[in-house]
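The values are calculated or read from the model by the stated rules, or taken from the named source; none is laboratory data. As the structure is a prediction and not an experimental result, all values here were calculated from the model. Methodologically, a virtual Cβ is constructed for each residue, glycine included, from the backbone with ideal geometry; neighbour enumeration extends over all protein chains shown. For the accessible areas, the whole protein counts, side chains as well, though only heavy atoms, and no ligand, DNA or RNA atoms are used. Shrake-Rupley method; radii C 1.70, N 1.55, O 1.52, S 1.80 Å.
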Amino acid sequence: MKEIKNVVLIINVLSFVITLGCYGIMGEKDGLFAQIFLGGIQLSIGLGFFIQWKKRSAMVKKNVLVYWGIVLLYGVLFQMEINDLHMNSNRELIFLEIIPMCIAAYSVFITYLNIKDK
């Protein structure tokens, strides 16, 4: 089981770093494209935590619930803001890049916590 946890962490960290690299090296458009794949990977990992819920410690469970709360809140707020994003580039930057990458960093942290889980 420890090996699977390690592989999941490596995949999560690697996809996060690749996405950051795409933003830094290739530009915003490629970064957003990479972010779509990162989101898919991280949502899959989050669902995996729910599938094996009983095997998780209380600390990991709490963080997974917070993660899903943030993801759902972001989804609702994004849907409310999507029509107005083109009017303000600062809001676009925040809603399309900064908030999702902060959520992604939190997902990496939870995956790391899961490895430390005994």
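Can you count the Lys pairs in the chain with C-alpha separation below 25 Å, eight or more apart or on different chains?
For the chain, the number of qualifying lysine pairs is 21.
So how far, in whole Å, is the C-alpha centre of region 93-112 from the one of region 1-41?
11
What's the extension gain from Ile18 to Tyr106 if we count 0.36 nm per residue and subtract their Cα-Cα distance?
On the way: separation 88, 0.36 × 88 = 31.68 nm, distance 1.62 nm.
Result: 30.1 nm gained on full extension.
Roughly how many debye, to the nearest 20, is the charge dipole of the chain about its Cα centre, given +1 on each Lys and Arg Cβ, -1 on each Asp and Glu Cβ, and no other charges? Mind showing how you got there, number by number?
Working: 11 positive and 8 negative charges, 189 e Å.
Value, rounded to 20: 900 debye.
Quick check on the chain: take the gyration tensor over C-alpha atoms, sort the square-rooted eigenvalues as a ≥ b ≥ c, and tell me if it's rounded (a/c under 1.5), prolate or oblate. Please list the in-between numbers first.
Details: a/c = 2.95, a/b = 1.59, b/c = 1.85.
Since a/c reaches 1.5 but b/c is at least a/b, the shape of the chain is classed as oblate.
Which one, Ser57, Gln35, Pro100, is farthest towards the positive end of the dipole of the chain when Lys and Arg carry +1 and Asp and Glu -1 on their Cβ?
Toward the positive end, the furthest listed residue is Ser57.
Tally up the carbon and sulfur contribution to the accessible surface of region 16-84 as a whole percent, 1.4 Å probe, everything protein left in place. All intermediate terms of the calculation are to be shown ahead of the outcome.
Values: 3270 of 4490 Å².
In region 16-84, the share of accessible area belonging to carbon and sulfur is 73 percent.
At a probe radius of 1.4 Å, what is the per-residue accessible area of Lys62, in Å² to the nearest 10?
Solvent-accessible area, nearest 10 Å²: 130 Å².
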